[in-house]
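The values are calculated or read from the model by the stated rules, or taken from the named source; none is laboratory data. What you see is a predicted model, and the numbers here were worked out from it, not measured in a lab. As a convention, Cβ positions derive from the backbone with ideal geometry for all residues, glycine included, and neighbour counts pool all protein chains shown. With ligands, DNA and RNA removed, areas are computed over all heavy atoms of the protein, side chains included. Shrake-Rupley method; radii C 1.70, N 1.55, O 1.52, S 1.80 Å.
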Amino acid sequence: MKFIIIGLGNFGATLGLRLVEDGHEVIGVDKRPEPVNLLKDGLTHTIELDTSDELSMDKLPLEGADTILVTIGEDIGASVTATAFAKERRKDATLIARAISDIHHTILEAMGVDEIIHPEAEFADQLANRLLVDGALKSLTLDSQFSILEVKVPEKMIDKTVEELALPDEWSVTIVTLLKERKRRSIWGVSKGYREVIGVVRPDTTLQASDRLVLFGKTQQIQDMLEAYEDHSED
């Protein structure tokens, strides 16, 4: 897929590098020469361009773009202007914009942006869940009660099958999927670890110590379940 990221601050740059790592084409755009030069070897292509200038926006290669992301975070005026110009020129591309305040969100919503993201607020929610649930590695907060959490396999679950654990019946917690540890070689021949999603878990799937569980349920119930299955023999 082809992505255009307008705004190469910390969030935009990190997002772009991750997308490239996953094999996508990413064009990074910023009016500042520093991030453009810094990321020229990491992204597919970088462009030094003032996206608040309408004539300059006409030079942006939007043809064939699947998604345009406006990730400018420090200047609401620049973000809104770039979003407006991108919306006019986007062809069939999905337009996603980052909001840094409630008023910013309201303006973007009124403009008809396809999706509005709040990375700082979303990360804060995820971090809060990770701090509240011992052993949580990643989290997705669905509402005030329910979450999807990625956790290490507790000691007492190792070598047990999904059917044996019966988590939905015992704890009202569902295993969404498992992440298995794998290895692959980069284009430079360096072995790198990664985790592969196995898809829908089977009743006879056996949990290994190196696995990661992706769980769905009430946050407190997941916490209680994890505490019950931890090995406290050394306490």
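The slack between L140 and K91, meaning 0.36 nm per residue of separation minus the straight C-alpha distance, is 14.5 nm. For the chain, the C-alpha radius of gyration sits at 1.24 times the compact-globule guess of 2.2 N^0.38 Å, with N the residue count.
Need the full-extension length gain, L55 to E230, defined as separation in residues times 0.36 nm minus the C-alpha distance. One decimal, nm. If you can, show how the numbers build up before the last one.
Values: separation 175, 0.36 × 175 = 63.00 nm, distance 6.08 nm.
So the chain would gain 56.9 nm between L55 and E230.
Taking Cα atoms only, the orientation of helix 219-229 departs from the longest principal axis of the chain by about 40 degrees. When you restrict to C-alpha pairs under 8 Å that are six or more residues apart and normalise by the size of the stretch 37-128, the relative contact order lands at 23 percent. Backbone phi angles across the stretch 41-50, fed through the Karplus curve with coefficients 6.51, -1.76 and 1.60 (θ = phi - 60°), yield HN-Hα couplings of 8, x, 9, 4, 7, 10, 10, 8, 8, 8 Hz in residue order; Gly and Pro are listed as x.
Can you pick out the pairs among K31/K87; K160/K218; K87/K138; K2/K218; K2/K87 whose Cα atoms lie more than 28 Å from each other? Please report the intermediate quantities before stating the final value.
Working: K31/K87 19 Å; K160/K218 23 Å; K87/K138 33 Å; K2/K218 37 Å; K2/K87 17 Å.
Where the Cα-Cα span goes over 28 Å, the pairs concerned are K87/K138; K2/K218.
In this structure the chain gives 57 Å² per residue of accessible area when probed at 1.4 Å with all protein chains present. Ranking H104, V26, L8 by Cα position along the charge dipole of the chain, where only Lys, Arg, Asp and Glu carry charges on their C-beta atoms, puts V26 farthest toward the positive end.
How high is the relative contact order of the chain? Use alpha-carbon pairs under 8 Å, at least six apart in sequence, and give a whole percent.
Working: 428 pairs, mean separation 32.8, N = 235.
Relative contact order of the chain: 14 percent.
What a 1.4 Å probe finds exposed on the chain is 50% carbon and sulfur by accessible area, rounded to a whole percent.
Treating only the Cβ of Lys, Arg, Asp and Glu as charged (+1, +1, -1, -1), what charge dipole size does the chain show about its Cα centre? Round to the nearest 20 debye. All intermediate terms of the calculation are to be shown ahead of the outcome.
On the way: 26 positive and 43 negative charges, 187 e Å.
Computed about the Cα centre, the dipole is about 900 debye.
How much of the DSSP bridge set in the chain is antiparallel, in percent, rounded to the nearest 5? For the chain, the DSSP antiparallel bridge percentage is about 55.
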